[in-house]
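Novice: Have a look at this one before I ask anything.
The values are calculated or read from the model by the stated rules, or taken from the named source; none is laboratory data. Note that the structure is predicted; figures quoted are calculated from it, not measured. Virtual Cβ from ideal backbone geometry, glycine too; neighbours counted across all protein chains shown. Remember, those area values only see protein heavy atoms, side chains included, never the ligands or the DNA or RNA. Shrake-Rupley method; radii C 1.70, N 1.55, O 1.52, S 1.80 Å.
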Protein chains: 4
Amino acid sequence: MQKKLQGVLPPVVTPFDHNEDLDLAAFKANLARWNRTGLSGYLVVGSNGESVFLSEKERDQLLAASREAAAPDKIIMAGTGAESTRATIQQTRRAAELGADCALVITPHYFKGQMTPARLADHYRRVADDSPLPILVYNFPQATGLNLAAEAVARMAEHPNVAGIKDSSGNIAQLSELLRLCPKDFAVFVGNAAVFFPALCLGAAGGILAAANVIPERCVELQQAFQAGDLTQARDLQWRLVSLAVMVTVTHGVGGLKAAMAMNGYQPGVVRSPLAMPDEAAGSAIKEELRRLGY
Amino acid sequence: MQKKLQGVLPPVVTPFDHNEDLDLAAFKANLARWNRTGLSGYLVVGSNGESVFLSEKERDQLLAASREAAAPDKIIMAGTGAESTRATIQQTRRAAELGADCALVITPHYFKGQMTPARLADHYRRVADDSPLPILVYNFPQATGLNLAAEAVARMAEHPNVAGIKDSSGNIAQLSELLRLCPKDFAVFVGNAAVFFPALCLGAAGGILAAANVIPERCVELQQAFQAGDLTQARDLQWRLVSLAVMVTVTHGVGGLKAAMAMNGYQPGVVRSPLAMPDEAAGSAIKEELRRLGY
Amino acid sequence: MQKKLQGVLPPVVTPFDHNEDLDLAAFKANLARWNRTGLSGYLVVGSNGESVFLSEKERDQLLAASREAAAPDKIIMAGTGAESTRATIQQTRRAAELGADCALVITPHYFKGQMTPARLADHYRRVADDSPLPILVYNFPQATGLNLAAEAVARMAEHPNVAGIKDSSGNIAQLSELLRLCPKDFAVFVGNAAVFFPALCLGAAGGILAAANVIPERCVELQQAFQAGDLTQARDLQWRLVSLAVMVTVTHGVGGLKAAMAMNGYQPGVVRSPLAMPDEAAGSAIKEELRRLGY
Amino acid sequence: MQKKLQGVLPPVVTPFDHNEDLDLAAFKANLARWNRTGLSGYLVVGSNGESVFLSEKERDQLLAASREAAAPDKIIMAGTGAESTRATIQQTRRAAELGADCALVITPHYFKGQMTPARLADHYRRVADDSPLPILVYNFPQATGLNLAAEAVARMAEHPNVAGIKDSSGNIAQLSELLRLCPKDFAVFVGNAAVFFPALCLGAAGGILAAANVIPERCVELQQAFQAGDLTQARDLQWRLVSLAVMVTVTHGVGGLKAAMAMNGYQPGVVRSPLAMPDEAAGSAIKEELRRLGY
């Protein structure tokens, strides 16, 4: 993979129409608009892409469409983690066939009591061995109930085909250890906007941020300000991002994220049940927040 | 459904051969042996059946095989829960076509922060409306990170097509509330042997117990002793069950369960990665425990 | 100690007047009324006695008053646990001087990360060695953030001066292990009414129940029905107790407990800040619940 | 209070001799040595000062000794929080009489289920009203099981006598919100070294760091490097601090902290039971870590 793993990527949403069927045209329209921003690329069929609701065929359609619609310089990162090692390998190979640049592999977690560090190390080693693509480890304790300690990730980072991590824990002490223990070229992305700026201060490569579906330019500006040494502006942008970020992730989830995108001119469609779109009050709160941010 | 929802059911394991491929012959052989016990029926493609590792085709094969191999009076309960409402309905319909008697539907949980009581109530209502089979709600907080409160279940129990619950929380105070609030004919099963006897004291209909894969007779005897009013014998059987039960669920998981089954003459095969079979020390501990129980 | 450690004990509340000062007359009046019930005794200066708010002098006054006001056959159990081993020993000796029959010792917990099983075992051994009274271990994870596993308690039970345990965890699987592993004469009390009946089924000696401050007779009747082999009546009493119990412990805490006692003719006074008495709506809910129970 | 609330303060340990009795001479000797560093002041009778083990008289002795031994420009911050509002006020007044500059007030937490935001707000308002000293709120969820949300702290910050907060949660997203919502002159200290550098990037006033008992100069240098705009050096110092900090807080607790201090020439004495000094292996690990840091 020659594209540099850094910068801001949105975990792109999967648009569904009012029958909850896949809307590929809307998906491509969103990518066309994002292509004109400073985003480094796209995470496709990830958590915010409602991957757990997608059939095998739908996953294939989305990966193919992303390769087709994305500007050539944008990274296509495919979410390919499954509960079994064999299914994870199959999905990663399929993503490679469909043109993805790298794969994001979440920790298997249904049998969380059995997922010892040794079992997880073995899982990632086998996936990395058999994957035609560089893989990134995905640590998301809030969804999985499992956390990968910094030492465990550092050992995984020794494999030549493990290129980085998306850490959505929000645990900055752990992120700090991670950055201290891993090689310089191991790409550490944070997965929540609420800690984006402090993560950059510690040396993170970038962020895979739900909010970047809605306001990609602001997220990119924050990293640029930091890189230019303007801590004050970076911190101010951080503070302006946080409340929107919390709203479209923790509080209202993917439904809130899709509502905010629609308000900002994107074509996100609706969510699949049992998720739901925000009710009127929540919708107004999101609109108000976007207005406060100058949209 | 005319079979009475009560008694002991094992959540039957799915045998895999040494390539981790499905071994249907072994699956049927186990059912043939269990048919000669006092078990009320079988939970197929449930958690202990490693359902999260199964393809659609494998699920179909297992359900068809269970209908074929089970004695006619045994209940076939199919695990059909998925993350999306639409996939849950599809799998439940498919289980009906393949001859299942009822369906067990786990709470969707990947987006746990969004799974409010209202969202879950709506999910179960829609599944119950569209299901050709009676459904049972499945509460398994240790795996899902979500708990269904007694009041929420009591409201679900009002739906004519919601026939019962499998509660694996181990929370007896909550189970007590559940039994108090739900109609008498609502079938309350507990999902862990560690609380089987106290649950019976409170009025539970039975147990869906991993240990019943290994020692079905002992589990059935416990319930029979209780029903005959022999609290002392029931309590003694409970104490003899508990340490084995903890070993084959919490400590060594499905791998431990399969190892114990093999020691007791069943054909469980191995587990799929990233799960693993117990190492030698753990295997010896399980063997010792079985010996202590008189096997 | 010759009184048998079994039956129902209320963790008696500490009455404060409207200046939040100790009201010893009210305290004695409550004991005088409880003396006429089937309660086995009283837990004084325990959690529900707001012991964490009491000065050394107030503790002494309450222990002396309880010895004076309690009927001679009632057990006086004194809460004497402190964070340091030395303060725990001092308070236990002082309780002995003031006439207590036994002492209840909560796990030290402020430094919870350091309270390994070995540290706790050592703490209890030293307290038991130096205590003139038999001690009971107190496991209350909801307040302390620490849990004592069944094996750890079983080892403590080997000490001749460790006479029993109050377990408020509500974890029935653990209680079952505890009863299996400890000697027959080790007195196991549960600390929450929500699991009182199932705990009796498993062989518990009794309950130390907040609700017994309000409706002591019902709690005693439950245990008597169980001992007479009338499971149905015991279960029915359990169901009638549970919602009141939840209200005066989990939902409204000591403030709710004191409000319910006042409604039932006791003299509980008010709580100390930052605790608060229930507001009007909560007060009405408690009154309604008492009415439903026939008071 | 005229001294500026900023910079690095150690939560000073309380030396005990081998009978576990207070050693005031050792306490003063440590302060004398720290007086020659760039530390801003001292937190006395805080968590790391084993305040939960101290008698009223010992608290008074330590506060008087700290006023006597501290250089005049050093801040004396006294830990004065207790479970009841009345005891907290009494201890805060006493600290003022003994010459403290400000008071640190931990959230009451034994009755954590009852400590609603409204109850806590009322507690802090009453303490702030009655305190002769400016107070700082202390948020320490790991010990208390309670967390103060950023919005709740922002409302407390409106009181003219609430001067700041010590936040030991390690939650940087929350700290970021706190800094966004509170007035510029509200002094936000972090309570764990693991997030010191990112907290400074976000605008924190300083740190109250256990590690500053051992290596005060390094902690002060980190903040100075940050203030001089040298992010790279600040980050490097952070990385050098983290593993020591984890060792003397999370892993080995106050016992580990005292061992490390002794190795570095201070006079910390031993801990009170049930805490313990590290065993030989742990002691060697700490020594090795100090050596790695250049001591």
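Novice: Keeping the other protein chains in place, figure out the carbon and sulfur percent of the accessible area of region B:72-130, with a 1.4 Å probe.
Specialist: Roughly 50 percent of what the probe reaches on region B:72-130 is carbon or sulfur.
Novice: Helix-only estimate, please: 222 nm mean residue ellipticity of the protein assembly as shown, summing -39500 (n - 2.57) across DSSP H runs of length 4 or more and dividing by its residues, to the nearest 500.
Specialist: Calculated at 222 nm, the ellipticity per residue is -13500 deg cm²/dmol.
Novice: Then there is this: For region C:1-60, what is Rg from Cα atoms divided by 2.2 N^0.38 Å, rounded to two decimals?
Specialist: This ratio for region C:1-60 stands at 1.21.
Novice: Can you list the trypsin sites (Lys or Arg not before Pro) in region C:1-61 that are in a DSSP coil and have 16 or fewer other beta carbons within 10 angstrom?
Specialist: C:3, C:4, C:36
Novice: Additional query: If you plug each phi of region C:42-51 into the Karplus form 6.51 cos²θ - 1.76 cosθ + 1.60 with θ = phi - 60°, what whole-Hz ³J(HN,Hα) values come out, in order, with x for Gly and Pro?
Specialist: After applying 6.51 cos²θ - 1.76 cosθ + 1.60, I find 9, 8, 9, 6, x, 4, 6, x, 6, 4 Hz.
Novice: Continuing with this model, one more query. Give the lysines whose C-alpha is closer than 17 Å to that of residue B:287, dropping any in the same chain fewer than 8 places away, or say none.
Specialist: Answer for residue B:287, where 17 Å is the Cα cut-off: B:258, listed by chain and number.
Novice: If I take every Cα pair under 8 Å that is 6 or more residues apart in region B:92-248, average their sequence separation and divide by the length, what percent do I get for the relative contact order?
Specialist: Normalised by residue count, the contact order of region B:92-248 is 16 percent.
Novice: Could you work out the Rg to Rh ratio of the protein assembly as shown, with Rh taken as the Kirkwood radius (inverse of the mean 1/r over all Cα pairs)?
Specialist: Value, to two decimals: 0.96.
Novice: GNM, chain A, Cα, under 10 Å: largest mean-square fluctuation among A:58, A:20, A:217?
Specialist: Top of the fluctuation ranking is A:20.
Novice: Check which residues have an amide H placed less than 5 Å from residue A:41's amide H, if you skip close sequence neighbours.
Specialist: The list, which skips near neighbours in sequence, is A:75.
Novice: Within region C:7-230, how many Lys pairs sit with Cα atoms under 21 Å apart, leaving out pairs fewer than 8 places apart on the same chain?
Specialist: 5
Novice: Given +1 on the Cβ of Lys and Arg, -1 on the Cβ of Asp and Glu, and no further charges, what dipole in debye does region B:7-230 carry about its Cα centre, rounded to the nearest 20?
Specialist: 340 debye
Novice: Moving on to the next point. Quote the total accessible area buried by chains C and D together, excluding ligands, DNA and RNA, probe 1.4 Å, nearest 100 Å².
Specialist: Summed over both sides, the interface buries about 3000 Å².
Novice: Please identify, among C:282, C:204, C:259, the residue showing maximal mean-square fluctuation in a Gaussian network model of chain C using a 10 angstrom Cα cutoff.
Specialist: For chain C, modelled as a Gaussian network with Cα springs under 10 Å, the answer is C:282.
Novice: How many nanometers, to one decimal and shortest first, lie between the label point of residue B:55 and those of its other copies, if labels sit 7 Å from Cα toward Cβ?
Specialist: 1.6, 7.6, 7.7
Novice: Oh, and also: Considering only protein heavy atoms, what per residue accessible area in square angstrom results for region B:7-230 with a 1.4 angstrom probe?
Specialist: 32 Å²
Novice: Mean-square fluctuation check for chain C, GNM, Cα pairs under 10 Å: which of C:229, C:38, C:256 is largest?
Specialist: Of C:229, C:38, C:256, the Gaussian network model singles out C:229 as fluctuating most.
Novice: Relative contact order of chain B, please, whole-number percent, based on alpha carbon pairs below 8 angstrom and at least 6 residues apart.
Specialist: Relative contact order for chain B comes out at 19 percent.
Novice: Okay, next question. Once phi is turned into ³J(HN,Hα) by the Karplus curve 6.51 cos²θ - 1.76 cosθ + 1.60 with θ = phi - 60°, what whole-Hz value does each residue of region D:7-13 show in order, with x for glycine and proline?
Specialist: Going residue by residue, I get x, 9, 10, x, x, 5, 6 Hz, with x marking Gly and Pro.
Novice: I want the antiparallel fraction of DSSP beta bridges within chain D, as a percent rounded to 5.
Specialist: Around 5 percent of the beta bridges assigned by DSSP in chain D are antiparallel ones.
Novice: Something else about it: If you take the beta carbon distance between residue C:116 and residue C:56 as r and set R0 to 25 Å, what does 1/(1 + (r/R0)^6) give as a FRET efficiency, to the nearest 0.05?
Specialist: Plugging the Cβ-Cβ distance into 1/(1 + (r/R0)^6) gives 0.25.
Novice: Amide H neighbours of residue C:55 under 5 Å, counting only residues 5+ apart in sequence or on other chains, H built in-plane at 1.01 Å?
Specialist: Correct list: empty.
Novice: Something else about it: Let me check against my output: what whole-number percent is the relative contact order of region C:1-153, with C-alpha pairs under 8 Å and at least 6 apart?
Specialist: 19 percent
Novice: Further question: For residue D:185, place a label point 7 Å from Cα along the Cα-to-Cβ direction in every copy; what are the distances to the other copies, in nm, shortest first?
Specialist: 5.3, 7.0, 7.3
Novice: When N counts the residues of region A:7-230, how does its alpha-carbon radius of gyration compare numerically with 2.2 N^0.38 Å, as a ratio?
Specialist: 0.96
Novice: Scan chain D for the residue whose Cβ is closest to the axis carrying it onto chain B, then write down that distance in whole angstrom.
Specialist: Nearest to the symmetry axis by Cβ: D:145, 9.
Novice: With N denoting the number of residues in region C:1-110, provide Rg(C-alpha) divided by 2.2 N^0.38 Å, to two decimal places.
Specialist: Dividing the Cα radius of gyration by 2.2 N^0.38 Å gives 1.01.
Novice: While we're here: Any idea what the dipole of the protein assembly as shown comes to, in debye rounded to 20, about its Cα centre with Lys/Arg Cβ at +1 and Asp/Glu Cβ at -1?
Specialist: 0 debye
Novice: Okay, next question. Tell me, what is the 1.4 Å probe accessible area of residue D:177, in Å² to the nearest 10?
Specialist: My reading of the accessible area for residue D:177 is about 30 Å².
Novice: Something else: Name the trypsin sites (Lys or Arg not before Pro) in region A:160-257 that are in a loop by DSSP and that have at most 16 other C-beta atoms within 10 Å, would you?
Specialist: The qualifying sites are A:184.
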